[in-house]
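What follows draws every value from the coordinates through simple rules; no lab data is involved. Computed from a prediction, not measured in an experiment: that's the story for all the values here. For neighbour counting, all protein chains shown are included, and Cβ atoms are generated from backbone atoms with ideal geometry for every residue, glycine included.
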Amino acid sequence: MDSLSHLDANGNPAMVDVGAKAISRRTARARSIVVLGPEIMQHLTQSGSTGADIQTRKGPVFQTAIIAGTMAAKRTDDLIPLCHSLGLDNCQITITAAGPDAIVDCLVSTEGKTGVEMEALVGASVAALTIYDMCKALSHDIIIRETKLMEKTGGKRDFKRE
């Protein structure tokens, strides 16, 4: 089994030194599933060119969540202590309705020496939390069921969840 990458020889937290690594194209896609339930999903309407969204007094839920998730992905190193600062080349968040669920996908890419998995996971997570925040006045039965890495490319090994 590999050792934990964020511990030094004495077992203390340490940022990974990526100085000797080669720059390569890095991508990652993460997903969060928000169970909104039928009570909230009945508010889902088609809103022109932006697709389906839920309108609340706070504004368009999915559109706001996309902006929040993008902002969070760009600031991952401010939230996760041992993450490297990365300039993202791209961050695309999509939110689709599937029955009682909102499926949040966050795709992130960069050219760099370290992966963007955490950026994708943070983007999907914050978008999901934003959906919760904007819909909680309609119901407190909302569940953020899971957040997981779906795929990544670049680095030592690629990964794709079936």
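Ranked by Cβ crowding within 10 angstrom, fewest neighbours first, how are Thr147, Thr76 ordered?
Neighbour counts put them in this order, fewest first: Thr147, Thr76.
Take Asp77, Asp105, Asp158 and order them by how many other Cβ atoms sit within 10 Å, fewest up front.
So the residues, fewest neighbours to most, are Asp158, Asp77, Asp105.
What ranking of Ser109, Ser5 emerges when the number of other C-beta atoms within 10 Å of each C-beta is taken as an exposure proxy, fewest first?
Details: Ser109 20, Ser5 9.
In increasing order of surrounding Cβ atoms, one gets Ser5, Ser109.
For the chain, with equal point scatterers placed on the C-alpha atoms only and solvent neglected, what are the log10 I(q)/I(0) values from the Debye formula at q = 0.12, 0.15, 0.18, 0.19 1/Å, to two decimals?
Results for the chain at q = 0.12, 0.15, 0.18, 0.19 Å⁻¹ read -0.57, -0.81, -1.04, -1.12.
Determine one quarter of the surface area of the Cα convex hull of region 73-162, which equals its mean projected area, and express it in nm² to one decimal. Don't jump to the answer; show the numbers that get you there.
Working: hull surface 27.3 nm².
So the Cα hull casts an average projection of 6.8 nm².
May I have the count of lysine pairs in the chain with C-alpha atoms under 16 Å apart, counting pairs 8 or more residues apart or located on different chains? Show your work: numbers first, answer last.
Details: Lys21/Lys113; Lys21/Lys156; Lys58/Lys136; Lys113/Lys152; Lys113/Lys156; Lys148/Lys160; Lys152/Lys160.
Number of lysine pairs found: 7.
How far, in degrees from 0 to 90, does helix 61-74 lean away from the longest principal axis of the Cα atoms of the chain, to the nearest 10?
10 degrees
How high is the relative contact order of region 38-154, in percent, with contacts defined as C-alpha pairs under 8 Å that are six or more residues apart? Mind dumping the intermediate values first?
Details: 161 pairs, mean separation 30.4, N = 117.
Relative contact order here is 26 percent.
Work out, step by step, the length gained on full extension between Lys160 and Lys58: first 0.36 nm times the residue separation, then minus their alpha carbon distance; give nm to one decimal.
Details: separation 102, 0.36 × 102 = 36.72 nm, distance 3.62 nm.
That works out to 33.1 nm of additional length.
Would you mind computing, in nm to one decimal, how far apart the modelled labels at Asp78 and Glu146 are, each placed 7 Å from Cα along Cα→Cβ?
A separation of 3.1 nm, rounded to one decimal place.
If you average the alpha carbon positions of region 104-156 and of region 34-99, how far apart do those two centres end up, in angstrom?
9 Å
What is the spin-label model distance, in nm, from Arg25 to Ser85 if the labels are put 7 Å beyond Cα along the C-beta direction?
It is 2.7 nm.
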